[in-house]
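Before any comments, here is the structure.
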Amino acid sequence: MRTRLLKSSTFRLTLAFSGVFTISALTLMAFLYMAGTRALERQVWETIDAEIKGLREQYSQSGLPGLIRTIDERSEAARERRSVYLLVDRTGRKLAGNLELWPVRAENETDGFRFTLPDSPEMSSPQSPVFGADRPVLARAFLLQGNARLLVGRDIQDQIASQLVLRNAILLGILIMIVLGVVAGYVVSRWMLSRLERVNRTTRQIMAGDLGRRIDTNGVGDEFDELAGNVNDMLERIESLLTGMRQVTDNIAHDLRTPLHRLRSRIEVALMQNTNVMESRQLLDETIREVDGLIETFNALLRIARLEAGDRHSDWEPLDLGELARDVVELYEPLAEDRSITLRYQGNAQARTNGNRQLLAQAVANLTDNAIKYTQERGEIIISVDIRPEPTITVLDNGPGIPRELRDKALERFVRLAPERSGPGNGLGLSLVQAVARLHDARLELHDNNPGLAVTIRFSNDRHQTTSSINKAAARAA
């Protein structure tokens with residue numbers, strides 16, 4: 001687990017983000033450190049320049065004796081102010097100040113310079129972070145009349161100490177960020193791996209044959225819960241397809257065994273008996289009808305398989321559901337009249353959707369054929385089309401209907417609710433309609449018509465809006 005954790009993408013990604021953040025923070029802190037250092041140094045130079053200006057004015061007003069007196073006074077207070085002064089004559093003899101010797105580096109310097117002095121109790125304190133170390137000094141030197149020289153400087157030991165504290169704080173902060181990044185990567189990776197391991201464990205159990213297993217969710221609605229929900233829906237679909245396949249196999253064996261036995265028996269009887277031409281023709285006609293029924297069953301299965309594969313999107317077009325329903329009414333009206341059944345259309349002619357005209361017409365025709373088949377004489381069948389709240393097409397009859405507890409079963413393949421399974425049909429009509437509806441992202445709903453059955457194909461508003469957009473685009477192109 002630990003090896004997988006360190007090799008996980010989440011851990012490496014977290015470390016990468018932590019590294020980028022650390023580098024960015026280090027760059028920012030380095031900039032702030034340099035800016036702060038320069039600001040402190042600039043402040044020291046401004047202080048030195050201010051003191052030089054004051055001493056120049058004193059020298060102009062009082063001459064060399066007044067300057068010596070002023071430097072002596074300031075040197076007495078230099079312990080708190082950390083100022084450095086040295087006034088020497090042309091021979092280098094000290095006239096005033098708290099510095100004993102002229103710095104070697106200052107001999108040829110005409111601008112500001114830096115030098116160090118050995119630490120002394122007069123210029124330092126035990127509370128200083130760099131107590132006992134050489135003290136850095138920033139200074140300026142210039143000539144006075146009579147070749148006297150004056151040096152004015154500032155002890156920057158406190159500034160150096162502040163920079164040291166700031167640098168240590170930056171390094172400590174960088175170290176803390178690195179540690180936090182590693183810890184965060186470990187924690188997040190462990191959490192991610194635990195969620196992924198839950199998915200992997202479930203999939204291994206499913207591959208081992210436990211098709212009823214599902215991925216557990218935390219119920220917080222995050223991305224993992226959404227992924228688990230989608231995978232569970234996919235597993236439900238796969239399980240239902242496998243269950244349907246087993247059921248189809250059983251139903252095929254049951255439904256096709258009888259006609260095949262009849263074919264074999266009929267052919268054996270024909271071979272055993274001396275039949276005339278008329279009897280042979282009659283035998284062949286019955287055989288052809290049996291074979292046509294078998295072919296029709298297999299064609300229906302093939303159509304359902306193609307529909308469930310979703311390979312018919314290329315020939316979709318905007319459709320008027322009202323026009324499609326009227327065409328079906330016109331087609332089946334003679335058959336309904338032969339059964340003394342009233343077949344009529346009612347609805348909204350503006351209900352439109354996007355789909356395959358032939359498949360939707362076949363689905364509505366299957367529903368109409370079933371309604372005619374199960375509606376008694378003098379009954380009524382209505383094909384209704386509406387647009388609110390969604391585009392729908394509904395076939396209503398006043399036949400026996402389907403009990404509520406059997407409606408889901410009626411949509412399965414080869415299911416006929418008659419126990420003897422000897423009536424006309426192969427039990428694929430509603431399965432074909434459901435496959436067509438699913439292909440068009442529609443819902444097939446069965447309800448009571450009191451009396452009778454109401455079968456509705458309910459299309460989504462998104463598809464209706466897509467159709468409207470297609471129509472508008474076509475109008476603009478025209």
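Of note:
- Screening the candidates R281, R306, R257 for the property of being modelled with pLDDT of 75 or more and out of contact with any helix residue (DSSP H, G or I) (no Cβ under 7 Å at 6 or more places or on another chain) yields one hit, R281.
- Taking the conditions (1) open to solvent by less than 80 Å² (accessible area, probe 1.4 Å); (2) without any contact (Cβ under 8 Å) to a residue 12 or more places away in the chain in turn, E226 satisfies each one other than (1).
- Being over 14 Å from V455 (Cα atoms) and open to solvent by less than 10 Å² (accessible area, probe 1.4 Å) is not true of T368.
- Only one entry of R38, R42, R12 meets the criterion of being under 60 Å from the mean Cα position of the chain (by Cα), open to solvent by 50 Å² or more (accessible area, probe 1.4 Å), over 30 Å from L164 (Cα atoms) and of a type in the set (D, E, K, R), and that entry is R12.
- Residue check, I402 crowded, with 17+ Cβ neighbours inside 10 Å, at pLDDT 85 or above, of a type outside the set (S, T, N, Q) and in contact with a Phe, Trp or Tyr (Cβ under 7 Å, 6 or more places away or on another chain): no
- The range 341-376, residues that are more than 15 Å from N398 (Cβ to Cβ) and assigned to a helix (DSSP H, G or I): R357, Q358, L359, L360, A361, Q362, A363, V364, A365, N366, D369
- Exactly one residue out of V182, V199, V220, V188 is surrounded by fewer than 16 Cβ atoms within 10 Å (Cβ to Cβ), at pLDDT 80 or above and of a type outside the set (K, R): that is V199.
- Applying the criterion of being part of a loop (DSSP other than H, G, I, E, B) and within 17 Å of I381 (Cα to Cα) to the residues of the range 428-458, the residue that is most open to solvent (accessible area, probe 1.4 Å) is N450.
- Looking across the range 162-176, not a single residue is touching a Ser or Thr at 6+ places or on another chain (Cβ under 9 Å) and either modelled with pLDDT under 80 or open to solvent by 80 Å² or more (accessible area, probe 1.4 Å) (or both).
- Taking the criterion of being out of contact with any helix residue (DSSP H, G or I) (no Cβ under 7 Å at 6 or more places or on another chain), small (G, A, S) and open to solvent by 40 Å² or more (accessible area, probe 1.4 Å), the only residue of the range 335-365 that qualifies is S340.
- Sub-6 Å Cβ pairs linking a first residue in the range 48-66 that is without any contact (Cβ under 8 Å) to a residue 24 or more places away in the chain to a second residue that is part of a helix (DSSP H, G or I) and open to solvent by less than 40 Å² (accessible area, probe 1.4 Å), at least 6 apart or interchain, are Q58/G66; Q58/L67; Q58/T70, ordered by first then second residue.
- A search for C-beta distances below 8 Å between a residue of the range 186-203 that is closer than 13 Å to D216 by Cβ and basic (K, R) and any residue that is open to solvent by less than 60 Å² (accessible area, probe 1.4 Å) and not in a helix (DSSP H, G or I), counting only pairs 6+ apart in sequence or on different chains, returns R198/I215.
The values are calculated or read from the model by the stated rules, or taken from the named source; none is laboratory data. Note that the structure is predicted; figures quoted are calculated from it, not measured. A quick note on method: Cβ atoms are made from the backbone with ideal geometry, for glycine too, and the neighbour counts reach across all protein chains shown. In case anyone asks, the SASA skips ligands and DNA or RNA and just uses the protein heavy atoms, side chains included. Shrake-Rupley method; radii C 1.70, N 1.55, O 1.52, S 1.80 Å.
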